[in-house]
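Peer 1: I am attaching a structure below and will ask some questions about it afterwards.
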2 protein chains.
Amino acid sequence: MSLPHAILTALLEKPSSGLELTRRFDKSIGYFWSATHQQIYRELGRLEEAGLIRALPSEVPVRGQKKEYEVLPAGGTELARWVAESQDPKPMRDPLLLRIRAAGVVGPQGLGPELRRHLELHRRQLAQYEAIEEKDFPPGRDAVEDRLRRLVLHGGIALETFWLTWLEEALAEVGDMSGPQA
Amino acid sequence: MSLPHAILTALLEKPSSGLELTRRFDKSIGYFWSATHQQIYRELGRLEEAGLIRALPSEVPVRGQKKEYEVLPAGGTELARWVAESQDPKPMRDPLLLRIRAAGVVGPQGLGPELRRHLELHRRQLAQYEAIEEKDFPPGRDAVEDRLRRLVLHGGIALETFWLTWLEEALAEVGDMSGPQA
DNA sequence: GAGGACATGTAACACGTTACATGATTCA
DNA sequence: TGAATCATGTAACGTGTTACATGTCCTC
């Protein structure tokens with residue numbers, strides 16, 4: 001049950017409409033918890049129903065009309081409860097590792113290009129994170145909120161770095177035996 | 001669509017019944033693609049329907065009776081196709097990073113113990129991977145299949161190492177401000 | 001023959017994904 | 001007025017999760 005709490009977090013940072021939330025997910029929170037606009041609208045309805053958020057009463061609630069939400073006190077309480085909750089880490093679930101395992105059985109033909117493509121994609125993601133760090137977290141900003149957001153960003157950077165390192169190892173292992181030849 | 005291919009891989013390594021597959025997922029393939037027995041039975045039915053696997057004809061197919069499956073040629077072809085397929089890496093989806101972000105908004109109260117607990121769990125997982133490496137991959141075994149399975153295991157080890165490093169950083173940041181005091 | 005382990009399966013629901021539908025606003 | 005964009009929403013489906021149901025085999 002992470003999506004509702006991701007939405008509560010985003011709305012506490014700034015009250016927003018569904019589409020605004022979607023955009024903010026695409027470029028910030030979505031880096032570690034992505035969601036489509038359909039999921040977000042569905043969940044906004046549930047959160048409102050549950051009394052954790054409410055639509056700002058300024059506008060008439062017509063279809064096609066922008067509808068802004070803000071977090072109610074019960075929503076903040078629920079989010080704080082969830083932050084301290086005990087949740088076991090889920091085992092990783094990665095299709096690429098699975099494909100390497102499968103390649104051990106049916107052969108690594110065709111894997112080389114795919115590994116190189118992933119390597120490039122992770123390089124770009126890492127560059128993007130590093131740009132964010134440089135832009136949003138210059139040395140000196142040290143409020144609690146800044147420190148925690150930087151911590152999260154460091155997680156993303158370290159994860160991408162892991163992928164780069166591992167993909168290099170994978171290419172060294174697989175690259176030369178997965179070319180166009182049989 | 002990874003589960004069917006995880007099952008094809010497991011069945012190619014060794015024909016099995018549904019429950020045997022469930023056990024093998026719990027202690028091997030499931031480290032990077034977990035599945036419950038209900039998912040596995042459902043998927044075995046679909047794979048048989050699709051003509052990619054078949055039940056070994058030796059036993060009478062009665063409810064409660066063991067039913068072993070093996071991969072048909074079409075299943076091997078499909079798996080090889082999937083290995084070389086182009087699949088974008090999915091953005092990570094991690095509730096703990098999300099909770100840290102939320103803690104930036106509602107405060108990190110109660111996070112310390114949770115971080116320490118995760119740290120301990122990841123230490124154990126890492127130790128387990130290292131035990132597997134020592135037991136199943138002694139230096140010298142160099143068949144293609146061995147090399148690729150070792151590569152996957154190295155991925156798991158590096159990921160756990162990432163978590164340990166990052167959780168230490170997180171504790172340094174959060175540990176002292178999330179105690180029992182307000 | 002009763003209990004427990006083994007084994008397969010159903011049912012219901014939550015979450016995520018894709019495609020599409022509908023209405024409002026803006027601007028040429 | 002027509003097209004583009006903004007904005008909210010429905011519908012259908014696939015996967016993952018949880019709880020439970022049913023049947024067989026072994027052992028005491």
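Peer 1: Quick one: is B:L52 crowded, with 17+ Cβ neighbours inside 10 Å and under 27 Å from A:K90 (Cβ atoms)?
Peer 2: No, not satisfied.
Peer 1: Shifting gears a bit: Among the numbered criteria (1) within 16 Å of DNA strand D (Cβ to nearest atom); (2) assigned to a helix (DSSP H, G or I); (3) under 30 Å from A:L8 (Cβ atoms), which one does A:K90 miss?
Peer 2: Going through (1) within 16 Å of DNA strand D (Cβ to nearest atom); (2) assigned to a helix (DSSP H, G or I); (3) under 30 Å from A:L8 (Cβ atoms) one by one, A:K90 breaks only (2).
Peer 1: Within the bounds of the stretch B:50-65, is there any residue that is on the phi > 0 side of the Ramachandran plot and either among the hydrophobic types (A, V, I, L, M, F, W, C) or touching a helix residue (DSSP H, G or I) at 6+ places or on another chain (Cβ under 6 Å) (or both)?
Peer 2: Looking for residues that are on the phi > 0 side of the Ramachandran plot and either among the hydrophobic types (A, V, I, L, M, F, W, C) or touching a helix residue (DSSP H, G or I) at 6+ places or on another chain (Cβ under 6 Å) (or both), one finds at least one in the stretch B:50-65, hence yes.
Peer 1: Limited to the stretch B:7-30, what total is found for residues that are away from DNA strand C (no atom under 12 Å from the Cβ) and in a loop (DSSP other than H, G, I, E, B)?
Peer 2: Going through the stretch B:7-30 one residue at a time, the tally reaches 2.
Peer 1: Looking only at the stretch B:31-47, filter to residues that are over 10 Å from B:I7 (Cα atoms) and away from chain A (no Cβ under 14 Å); which one of those is farthest from DNA strand C (Cβ to nearest atom)?
Peer 2: Among those residues, the one meeting the criterion is B:R46.
Peer 1: Right, something else. Can you name the residue in the stretch B:31-44 that is outside any helix (DSSP H, G or I) and either crowded, with 19+ Cβ neighbours inside 10 Å or of a type in the set (A, V, I, L, M) (or both) and is also farthest from DNA strand D (Cβ to nearest atom) among such residues?
Peer 2: B:F32
Peer 1: Here are some residues: A:L8, A:L115, A:L96, A:L19. Which one is within 16 Å of DNA strand D (Cβ to nearest atom) and either within 12 Å of chain B (Cβ to nearest Cβ) or crowded, with 20+ Cβ neighbours inside 10 Å (or both)?
Peer 2: On inspection, the qualifying residue turns out to be A:L96.
Quick note: the coordinates plus some simple rules give every number you see, no bench work behind them. What you see is a predicted model, and the numbers here were worked out from it, not measured in a lab. Quick reminder, even Gly has a Cβ in these numbers, built from the backbone with ideal geometry, and neighbours come from all protein chains shown.
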